[in-house]
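One structure is given below, encoded as C-alpha cells.
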Amino acid sequence: MIYAAHKVSGDYQFVGLDFHTGEVKARWIFPDDSRVWNTVYGVLAILEDGDLLLGGAFAIKRVNVGDGNKTKQKLEGRDAARQSDALGPGGDFDFDQDVCELYNINEDPAETNDLAAKNPQKLEELKKKWDEEAVKYNVYPLYDDVAKRAANVTAIFGTKSNTFTYYPPGAEFIAEATSPPVKNRSHTIMASVETDGRTDGVITACGGYFSGYTLYVKNNIVTYAYNYYDEKYTRIQSSAPLKPGKHEITLVYDKQEGDTAKVTLSIDGKQVGEGALDNVVLSKYSISEPFDVGVDNGGSVARTEYASPFSFSDKLDWVRFDLSPE
Ligand SMILES: [Ca+2]
C-alpha cells in the first residue's frame, strides 16, 4: 500500500493506494482540526478500528495497535469494530446485518484483500470456532441494541427520589445511570466520617479519566474535583485539614444560569472552601465508569491527584445526596 494525503473541499484526506494498480483501497477524511494536525505537516489520528495513522510530510503509516484478540477476531471473520460501534451513540446495530470479512494477516497485514467471497467455507469454519470460543469464555449473550438497553435501565431503575443514602462498604460499581442524577442540578453531598488525623481516600466519585466528579481527602484536606472532559479540572478545596474525630462534610452544588455552578464546601457546618464551575458535563461522564462510595473504581476522576482506587482510609459512616426538586 502507498499512503498519500491531499485536501478536498476543506477536508484533508488520506488514501491508501494499491502499490501495483494505484487503486484506492482505503480512505480517511479528517476535518481541519488541530488535534489531528498536531505536528508540522504531520498527522496522528486514531482510526475507527483502533489502528493509529501517523506520519509527516514524507511518510504516512498505518499501524495496527490492536491486541492479539482483536487481530484474532478479524482473522476469524468477525467485525471487531462492531463492539465499539454498538457502544457508540445511536440506536441499534443489527448483528444480522453484519458483513464478515476474511483476511490472511500473515500475507496481508494491511487487510486489503477480503477473502470472504473466495473462501466461504473457511469463513464459516472460523465463525463456528469463534462461537465455540465465545461460549467457552462466557462472551454471550451479545447485545446489538446497547443504546436502547442503556436508556431502558434509567427508565426501569431510575428513581424519582431526591434523597440517596449510601452505607459503605458495598456501594461500589453502581451504573452512572442509576446513580444520584446530580448533573447540572442543585444538590448537596453530605458525608459522616471518623478520622484519626491521617486521612486519605475517596468519599464518593462518579466517572473516570474522561469526565466526572469526586469528593476525596488527601493529606487530611477535603477536595471536590470536577473533571470536564480531561480538558479542565476544577478543585474546591478545604482551607483547614480534617482533625482527628467525627466530622460531617458538606458539599453544596448550587446550579447557576448558563450551565454553571457555585460550589461550597463545609466541615461541621463551617464553610471551608468555595469555587465556581464554568463548564459542566451535560452528557454521560462515561459509558463504562461507575459511581462509587468510599473508592473511585476504574479510572481516576482526578488522575493528577490520586491513582484509583484510592479507598477511604478511615471510617466512612454514610454518604447522602439531597437533590433539589426538578
Ligand atoms: Ca472511576
* **Residue ID - nearest to the ligand (Cβ to nearest atom), chosen from residues in the range 191-217 that are assigned to a strand (DSSP E or B) and surrounded by fewer than 17 Cβ atoms within 10 Å (Cβ to Cβ)** => S192
* **Among the candidates Y143, Y137, residue that is aromatic (F, W, Y) and modelled with pLDDT of 80 or more** => Y137
* Asked: If you take the residues in the range 218-232 that are of a type in the set (S, T, Y) and at pLDDT 95 or above, which one is nearest to the ligand (Cβ to nearest atom)?
  -> Y226
* Structure fact -> If we take the range 233-321, then strands (runs of 3 or more DSSP E) inside it with 2 or more residues that are modelled with pLDDT of 95 or more, more than 16 Å from the ligand (Cβ to nearest atom) and in the same structural domain as I203 (by TED's automatic domain parsing) are 245-256, 260-267, 270-277
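The values are calculated or read from the model by the stated rules, or taken from the named source; none is laboratory data. Just so it is clear, the structure is predicted and the values come from calculations on it, not from any experiment. Reconstructed Cβ throughout: ideal geometry from the backbone, glycine too, with neighbour counts over all protein chains shown.
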